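The values are calculated or read from the model by the stated rules, or taken from the named source; none is laboratory data. None of these values were measured; they are calculated from a predicted model. All Cβ positions, glycine included, derive from the backbone under ideal geometry; neighbour counts span all protein chains shown. Ligands, DNA and RNA are stripped out before the accessible areas are found, and what is left, the full protein with its side chains, is counted by its heavy atoms. Shrake-Rupley method; radii C 1.70, N 1.55, O 1.52, S 1.80 Å.
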Amino acid sequence: MEHGMKASRRSVLKLGLAASALSMPYINRAWAQTVELNMLAWYGHGEPDMVAEFEQANNVKFKPKYYAGGDNMLALIAQSPPGTYDVILSDAEFVQQLNEADYIDELNPADYPFDDFLYDEWKQFPGHWRDGKLYSAMVRCGHLGVSYNTKAISAEEAASYKCFWKPEIKGKLGHFDWHLPNLGQLSLYNGNAQPFDIDAEAWAKVQETATSLREQVGGFFDYGGTFNSLKNGEMLAMAGIGDWITGVLQRDGADVASIVPQEGGIQWTESWSIGKGTKQPELAKKFVQYMLSPEGQVHSARMAAYPAFAITRSGRALLNEKDPKEAQRTGQVDGAVNDPIVLIKEGRIKYRGLPIQQSLEEWNDFWSEYKGA
């Protein structure tokens, strides 16, 4: 009886191993089909709220590398072998530099829904095209203006960048630590219609304006520091940002808001490019197409890390259907006074760009001096 039981166990074991052997090739094939895509992007773009549906539908796993600021992005690519990054999210003003350095592939315009874009000028976004060829697809945008604690600064006061000099917030004004949005805002405050295309005299005045603001400043912050200092009231106003930070805090009930002041605001614009040397060009293209689909646009607009505007008609329509509260909050509703498209058409929004009449290094050097003052 005991011998029989041992034989039975051996038989069962053999059957089990045989069954496993039959099933293993199938499992291995499934595992082999899971493709890893390397992403270089601002924080949040490779998180589940953004990519889980695409991953599941396409048997893909994203491996994101996050950066803060275009200079950091360029440095990371320069330090990596070609083909390291399959998809690259870039601020629009840096696309030209990606192109000039031969870091990104040409795109076929027919692959992307430009006819669905909300604003005609976005179809030929500055820097995304070169000699009639497309190199990057705009995917989302937002507006930078006055971001403030609603208990410390009134909506009327926040209607001008002048509120940054309010005596009561001395030592409680923060800067998002990137020179382009901050100096661009101060350039608008000085009355420059094209904040990044200014002559030597206007540039000198921007530096004077910044210097006069320095004693108000309580710190320079990265994304996490900006978020936390506004959340805990350490900072009562923040220059260089907008709803991409305060919108997340508002969802959590914080007493903060962002508005485009009377002097105007600056549009940040993010775009997807396909990395030069990618081994997965078709899958990379499919992902960019997904992010421009109505579903992808809703994920983008509601992104947990930082919200944005949908840039397609179908994306905006689906956002209003799925999350009318968020659509209303951000003005992405026809007839809203803060409708981003209306603000652009009224001339109140300028695209963030690189300095035209000065070098990028000159602006960066001044920013470093300003921080150290």
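Show that you can apply the helix-only estimate: for the chain, add -39,500 (n - 2.57) for every DSSP H stretch of four or more residues, divide by all residues, and state [θ] at 222 nm to the nearest 500.
Values: 15 runs with 159 residues, N = 373.
Here the helix-only value at 222 nm equals -13000 deg cm²/dmol.
In whole angstrom, how long is each semi-axis of the equivalent ellipsoid of the range 299-373, when you take the square root of 5 times every eigenvalue of its Cα gyration tensor and sort them from largest down?
Over the Cα atoms of the range 299-373, the ellipsoid semi-axes are 34, 16, 11 Å.
Note the full-extension length gain between Gln124 and Glu156 as 0.36 nm times their separation in residues minus their Cα-Cα distance, in nm to one decimal.
Roughly 7.9 nm would be gained on extension.
With angles folded into 0 to 90 degrees, how steeply does helix 360-372 sit against the dominant principal axis of the chain? Use alpha carbons for both and round to 10.
80
What percentage of the solvent-accessible surface of the range 279-373, computed with a 1.4 Å probe over protein heavy atoms, is contributed by carbon and sulfur atoms?
Working: 2280 of 4440 Å².
Solvent-exposed carbon and sulfur of the range 279-373 make up 51 percent of the total.
From the residues Met73, Phe220, Ser187, which one has its Cα farthest along the dipole of the chain in the positive direction, the dipole being from +1 and -1 charges on Cβ of Lys/Arg and Asp/Glu about the Cα centre?
Met73
Need one number: nm distance between label points at Gln79 and Asp197, each 7 Å from Cα along Cα→Cβ, rounded to one decimal.
Roughly 3.5 nm, to one decimal.
What fraction, in whole percent, of alpha-carbon pairs in the range 42-145 exceed 25 Å separation?
Everything past 25 Å amounts to 26 percent.
Report the Stokes-Einstein translational diffusion coefficient (µm² s⁻¹, integer) for the chain, Rh taken as the Kirkwood radius over Cα pairs, at 37 °C with viscosity 0.692 mPa s.
D = 146 µm²/s.
Which shape class applies to the range 226-373: rounded if a/c is under 1.5, otherwise prolate when a/b exceeds b/c and oblate if not, where a ≥ b ≥ c are the square roots of the Cα gyration tensor eigenvalues? Can you show the working numbers first?
Values: a/c = 1.59, a/b = 1.13, b/c = 1.40.
Since a/c reaches 1.5 but b/c is at least a/b, the shape of the range 226-373 is classed as oblate.
Need the list of lysines near Lys325 for cross-linking: C-alpha distance under 25 angstrom, and skip anything on the same chain fewer than eight residues off.
Lys151, Lys231, Lys345
Would the range 44-91 count as rounded, prolate or oblate if I go by the C-alpha gyration tensor, calling it rounded below 1.5 in a/c and otherwise prolate when a/b exceeds b/c, oblate otherwise?
Oblate, because a/c is 1.5 or more while a/b does not exceed b/c.
Report, as a whole number in µm² per second, the diffusion coefficient that Stokes-Einstein gives for the range 169-304 at 25 °C and 0.890 mPa s using the Kirkwood radius over alpha carbon pairs.
Diffusion coefficient, whole number: 142 µm²/s.
Computed on alpha carbon atoms, what radius of gyration and Dmax characterise the range 279-334, expressed in Å?
Taking only Cα atoms of the range 279-334, I get Rg and Dmax of 12.3, 42 Å.
Please work out whether the range 211-267 counts as rounded, prolate or oblate from its C-alpha gyration tensor, where a ≥ b ≥ c are the square roots of the eigenvalues and a/c under 1.5 means rounded, while otherwise a/b larger than b/c means prolate and anything else oblate?
oblate
Taking the Cα centre of the range 232-373 as origin, sum charge times position over the Cβ atoms of Lys and Arg (+1) and Asp and Glu (-1), and report the length of that vector in debye to the nearest 20.
Rounded to the nearest 20 debye, it is 620 debye.
Of the beta bridges DSSP finds with both residues in the range 26-178, what % are antiparallel, to the nearest 5?
Roughly 25 percent of the DSSP beta bridges within the range 26-178 come out antiparallel.
Work out the length of the dipole vector of the chain about its Cα centre, built from +1 on the beta-carbon of each Lys and Arg and -1 on the beta-carbon of each Asp and Glu, and round it to the nearest 20 debye.
Around 1660 debye, computed over the chain.
Using alpha-carbon pairs under 8 Å, 6+ residues apart, how would you state the relative contact order of the chain in percent? Show your work: numbers first, answer last.
Numbers: 625 pairs, mean separation 84.3, N = 373.
Across the chain, relative contact order equals 23 percent.
For the Cα atoms of the chain, what angle does the longest principal axis make with the long axis of helix 200-213, in degrees from 0 to 90, nearest 10?
80
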